[in-house]
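Data first, discussion second: the structure below is written as structure tokens.
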Amino acid sequence: MCRWILALVVLLGGSPAPARQVETIRIGAKNFTEQEILGELVAQLIERGSEWRVVRRFGLGGTDLCQAALLAGEIDLYVEYTGTGLLNILKRDVIANPDLAYRTVARNYRLRFDLEWLPPIGFNNTYAIAVRAEDAAQRGWRRLSDLAADAAGLHGGFTSEFMERPDGLPGLRVAYGLAIGRTTDLDPGLMYEALNRGQVDLICAFATDGRLAEYNLAVLEDDRGFFPPYDAAPVVRSAVLARLPRLREVLATLAGTIDDESMRRMNHAVDVLKRSPAEVAREWIEDRLGERPAREEAQERDAGDARGVFALAIERRGEVARKVGEHLVLTALGASMAVLIGVPLGILIHRRDAARGAVLAFTEIVQTIPSLAMLAFLFALYGLLGTAPAVTALVLYALLPVVLNTFTGLREVPRQVIEAADGLGFSSRQRLWMVELPLAAPVIIAGIRAATVLTVGIATLSTYIGAGGLGDFIARGLARNDSRLTLLGAVPAACMAVLLSLLIRFIERRVRRG
Amino acid sequence: MILLSELSKSFDGGATCAVRDVSLDVGGGETLVLLGASGCGKTTTLKMINRLIEPSAGRIEVDGVEVRERDVLDLRRSIGYVFQDIGLFPHLTARENVEIVPRLLGWPVEKRRERSAELLQLVGLDAEEHGGRLPLHLSGGQQQRIGIARALAADPGHLLMDEPFGALDAVTRDQLQRQLIDLRAALRKTIVFVTHDLFEAIRLADRIGVMNGGRLEQIGTASDLMERPATPFVAELFDHARRQAALIGEVR
């Protein structure tokens with residue numbers, strides 16, 4: 001059993017040597033639409049322009065994670081924004097001049113991290129404060145400074161990143177004297193809808209977001225030049241460029257070619273028209289290289305894509321099956337390792353009172369750690385993305401029900417039965433295996449069932465550190481505000497939880513019957 | 001042969017004394033009944049014999065060897081033990097319960113099967129009918145018969161019985177007492193039997209040891225105790241029983 005699991009871990013987590021020596025480039029992307037399109041653009045350009053193998057590690061949960069993944073060599077490149085590099089990674093002050101900002105990040109990245117910034121792609125995805133167009137018309141808001149007088153009565157919906165960034169809300173408050181009455185942390189995918197429905201009055205949009213036009217929103221002019229430039233450019237590990245110098249040439253196609261409007265259109269195609277980032281990226285490249293098919297055809301395909309979740313599921317059944325498989329493997333690894341660790345721990349705290357407090361406190365505290373924070377922490381600890389940190393997180397969360405039920409099950413073994421075992425000359429190990437564990441088994445298995453269901457749910461978050469699974473669909477659906485995609489992940493996950501629970505309940509009954 | 005010599009047990013670091021200076025010996029297929037009210041130290045004495053409780057002072061020898069010099073598991077497997085609350089393993093069938101000590105001792109399956117069938121018959125149960133049942137599906141009397149068969153499974157030289165019939169109804173208790181007498185005649189085991197019931201003691205004992213407040217008040221045959229009580233406690237015990245018997249006589 002142990003060896004089997006070990007083999008699986010190696011198979012999934014490790015990187016077995018490929019049969020033939022093909023250079024591999026791993027491309028990262030954060031978990032929002034534009035990043036995925038840019039990731040696809042980079043990936044497809046490499047696939048067209050070289051014989052290298054491309055691995056896509058999209059949907060990484062944030063800037064810090066991408067940076068850490070680059071430094072750990074878990075990804076080779078991703079597209080970053082100058083402002084983000086300057087403020088988040090280098091912890092520098094805002095530089096208003098775009099060229100100077102680019103040169104500063106490029107120089108510092110090279111010196112400090114051995115990372116290289118390729119030429120900017122062209123667009124500037126800076127923050128922009130957006131409001132409903134009718135509000136803007138009614139209350140005479142055109143510029144950000146117009147908001148100051150009304151700010152106290154407004155409800156802002158911002159991404160959690162914006163709430164804390166110096167070039168986000170804290171800086172904005174100072175620059176414009178903007179004291180917004182109430183704020184709510186929102187997922188970037190849900191902000192626009194929340195604003196459109198009147199649940200919030202202003203949001204921190206991205207200048208290139210396709211939904212700005214879709215929802216009839218107005219962007220307020222940054223009249224004091226507060227938001228720093230966010231020019232997008234690929235960031236590559238210098239070691240990779242040294243090994244594959246042709247990469248620079250392959251990606252030159254991107255330099256200075258996508259302006260704000262083009263990027264917004266691509267984002268719109270994905271977010272609003274529900275087309276896939278891969279397809280949108282392909283069309284842009286074909287356009288660029290003069291192989292673009294007739295526009296009408298594409299339009300027809302757009303209409304065809306706005307179908308129900310069933311049609312989508314059937315169309316993408318191969319991918320769904322693969323994600324279900326990945327999810328099952330994550331769940332099986334997480335739950336089985338939680339059992340292998342949790343049951344012995346439960347036995348230990350049943351036998352040694354001294355260990356009980358510490359072990360139970362540990363498993364309980366682990367439960368209170370937010371899943372994303374846990375994933376980010378474990379990623380930092382391991383220095384690699386994917387299965388290993390994801391499974392570790394699952395094991396840690398699944399531990400409490402297993403440990404607690406093992407302990408409770410053992411404690412509830414009747415006293416006279418224990419006394420009989422002792423009186424008849426059972427060794428402590430014989431008593432455990434022949435009497436205590438069999439009698440505690442139904443309670444322990446119930447704990448394993450709870451742990452398994454919990455694991456199926458938490459495994460959907462593994463997507464944020466690139467471990468795959470059904471969470472990929474859910475996160476993409478959330479990032480694009482596409483409920484069909486979300487359901488494509490959520491429904492199979494729910495079914496999986498129910499089926500596994502039934503399966504274990506069946507085993508539980510068999511055991512109970514003796 | 002079981003020999004206790006100046007055996008004492010105190011709990012709470014000497015604050016409370018459960019057993020004080022008990023000396024006795026029992027052997028040769030004899031049945032010794034330790035008689036006394038609850039808390040008198042009789043069960044503690046019994047448990048010290050197979051080291052479920054370790055003595056504070058004194059010696060215990062089983063077949064000439066001090067018990068603390070023996071491997072505790074070997075010791076326990078060589079002494080049959082019947083528990084007050086029976087303590088059958090609820091997840092094992094009657095037969096599996098009977099076979100448990102032979103299993104610990106590594107007997108081959110066929111020998112275990114043979115032995116359990118024999119013992120089930122000996123305690124008046126049908127191996128076919130009752131052997132496959134879980135304890136849950138057996139009556140209290142049947143359960144304690146299984147308990148006795150389990151204690152006898154590895155053919156121990158000695159049998160310790162801790163109020164084995166205390167929780168059974170009067171009719172079942174009577175049946176089991178009779179059966180134990182027959183069994184004892186057939187097996188010739190040395191038995192130490194603990195009870196608080198004088199009539200049970202009189203019925204089963206070759207000798208009775210009366211315990212009170214952790215001390216052994218007197219030890220002897222039932223008629224010794226009745227005719228020559230050594231202490232007021234023993235005298236009162238028998239007086240009380242006599243009055244009860246008289247009461248039954250008046251009803252008649």
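The values are calculated or read from the model by the stated rules, or taken from the named source; none is laboratory data. Everything quoted here is computed from the prediction, not taken from an experiment. Ideal geometry is used to build each Cβ from the backbone, glycine not excepted, and the neighbour counts take in all protein chains shown. We work out accessible area using only protein heavy atoms, side chains counted, and drop any ligands, DNA or RNA first. Shrake-Rupley method; radii C 1.70, N 1.55, O 1.52, S 1.80 Å.
Please report the net charge: other residues with Cβ closer than 14 Å to the Cβ of A:Val456, K and R +1, D and E -1. Computed value for this residue: +1. Taking 7 Å steps out from each Cα toward its Cβ at A:Asp260 and A:Ala152 produces label points 3.3 nm apart.
Using a 10 Å cut-off on Cβ to Cβ distances, tally the other chain neighbours for every residue of A:423-435 and report the average as a whole number.
What the average comes to for A:423-435 is 6.
Per-residue ellipticity at 222 nm from helix content only, as computed over chain A with -39500 (n - 2.57) for each DSSP H run of at least four residues, stands at -18500 deg cm²/dmol.
Considering only alpha-carbon pairs that sit under 8 angstrom and 6 or more positions apart, the relative contact order computed for chain A is 17 percent.
In square nanometres, what is one fourth of the surface area of the convex hull spanned by the alpha carbons of the range A:317-513? Kindly include the intermediate steps, with their values, before the conclusion.
Working: hull surface 49.7 nm².
Hull-based average projected area comes out at 12.4 nm².
When only Cα pairs below 8 angstrom with a gap of at least 6 residues are kept, chain B shows a relative contact order of 27 percent. Pairwise alpha-carbon distances in the range A:77-140 exceed 14 Å for 62% of all pairs. Averaged over peptide A:411-422, the number of partner chain Cβ atoms lying within 10 Å of each residue's Cβ comes to 5. Taking the range B:202-224 and a reference point 7 angstrom along Cα→Cβ of B:Glu236, the backbone N atoms nearer than 16 Å belong to B:210-218. Summed over the residues of the protein assembly as shown and divided among them, the accessible surface reaches 44 Å² per residue at a probe radius of 1.4 Å.
Taking only protein heavy atoms and a 1.4 Å probe, the accessible area of the range B:54-151 is 46% carbon and sulfur. Shielding value for B:81-91 is 6, the average number of Cβ atoms from other chains within 10 Å of each residue's Cβ. When the alpha-carbon atoms of the range A:131-282 are used, the pair Rg, Dmax equals 18.2, 58 angstrom. Packing-based ranking of B:73-80, B:93-100 yields B:93-100, B:73-80, ordered from highest to lowest mean Cβ neighbour count within 10 Å. Interface of B with A. Using a 1.4 Å probe and counting protein heavy atoms only, the two chains hide about 1700 Å² of accessible surface, both sides summed. Work out the P(r) tail for the range A:216-289: percent of alpha carbon pairs separated by more than 16 Å, whole number. Value for the range A:216-289 (Cα pairs over 16 Å): 67 percent.
The listed residues A:Met266, A:Met337, B:Met226 rank as B:Met226, A:Met337, A:Met266 when sorted by accessible area, largest first, using a 1.4 Å probe.
Translational diffusion of chain B was estimated from the Stokes-Einstein equation, with Rh taken as the Kirkwood radius over Cα pairs; at 10 °C and 1.306 mPa s the coefficient is 84 µm²/s.
In a DSSP loop and with at most 15 other Cβ atoms within 10 Å, the GluC sites (Glu not before Pro) in the range A:395-483 are A:Glu412. Past 27 Å, Cα to Cα: identify those pairs from B:Lys111/B:Lys189; B:Lys47/B:Lys111; A:Lys91/A:Lys274, in the order given. Among B:Lys111/B:Lys189; B:Lys47/B:Lys111; A:Lys91/A:Lys274, the Cα-Cα distance tops 27 Å for B:Lys47/B:Lys111; A:Lys91/A:Lys274.
Ranked by the mean number of other Cβ atoms within 10 Å of their residues, highest first, the peptides A:82-92, A:449-459, A:250-260 fall in the order A:449-459, A:82-92, A:250-260. Each listed q (0.07, 0.09 Å⁻¹) maps to a log10 I(q)/I(0) for chain A, found by the Debye formula over equal Cα scatterers with no solvent: -0.47, -0.73.
Tell me, what % of the accessible area of the range A:148-273 is carbon and sulfur with a 1.4 angstrom probe?
49 percent
Counting only DSSP beta bridges with both residues in the protein assembly as shown, the antiparallel share comes to about 55 percent.
Distance between the modelled labels on A:Ser371 and B:Ser23, one decimal in nanometres: 7.4 nm (7 Å Cα→Cβ projection).
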